[in-house]
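First the structure, in the form of C-alpha cells, and then the observations on it.
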Amino acid sequence: TAPETAPETAPATASGPAPETAKAPASAPEKAPAVAKPPVAAKPGKRRRWLRLAVLIGIALLLLFVLTWKNCRQGIGLGGSPAPRNERQNDPANAMAPNAPSMAVPSMEAQAPCQIRVDAVGILVNGKTADTPQAAVTACAPSRRAVILVTGDAVYGQVEQLEQALRAAQIEIQRQQ
C-alpha cells in the first residue's frame, strides 16, 4: 500500500503562513448535509396577491351595497313595501291634511273590492253567478272597486263588455293576471 502523503503546502512567507492550495485527500471526512428548511405555506407574493384580491372583492361588494341602497330603498321585490305616507288612510299625520279621508273606517264589506272571475262558464262575482255584465255592476256598486280575473277560456268579447259596463258605472277596475 502506498503511504498517505501529507497535503502539499506552499512555502511560508514573511507575511504569515502560506495559504492552502492543495486538494484535500480522498479519505478526508465529508461535510454533513445542511438541514432542510420546512416548506413555507405560501410565497409572500402569492399571499399578497390573495390579500389584494380579497380587498378588491370587499370593495366591490360594498359599492354594490351602497348603490343598491341608494337606488332601491323601497325594496328589491322580496317582501313588498309599505304604502307611501300620503296614501295611508288611517295615519294620524294625514288627519290634519285638508283633503284627508275621515278617520271613521267603513265596514269591511264596503271597503273590500268585488272579486270577478270570467271564464268559459260565465261571470262569477264573489263566487256567485252573474248572468250579464249589468248584474256584475249591480253586485260591485257598493264597493266601487272590482278585481277582474280572466281565464284563458273566457268567451271572446265578454271581458270587454264587462269592463265597459264597470267604467260606465265609475267602478275602479284592476286586472289580475
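The values are calculated or read from the model by the stated rules, or taken from the named source; none is laboratory data. Owing to the predicted nature of the structure, the values given are computational and were not obtained by experimental measurement. Positions of Cβ are backbone-derived with ideal geometry, glycine not excepted, and every protein chain shown enters the neighbour counts.
Observations on the structure shown:
- The listed residue being surrounded by 14 or more Cβ atoms within 10 Å (Cβ to Cβ), under 13 Å from Arg117 (Cα atoms) and modelled with pLDDT under 90, out of Ala154, Ala146: Ala154
- Taking the stretch 135-167 as the range and being assigned to a strand (DSSP E or B), within 13 Å of Leu124 (Cα to Cα) and in contact with a Pro (Cβ under 9 Å, 6 or more places away or on another chain) as the test, the residues that pass are Ala146, Val147.
- For Gln74, the conditions (1) over 38 Å from the mean Cα position of the chain (by Cα); (2) at pLDDT below 90 are fulfilled apart from (1).
- Matching residues in the stretch 123-165 - criterion: being small (Gly, Ala, Ser), under 20 Å from Gln177 (Cα atoms) and without any contact (Cβ under 8 Å) to a residue 24 or more places away in the chain: Gly127, Gly152, Gly157
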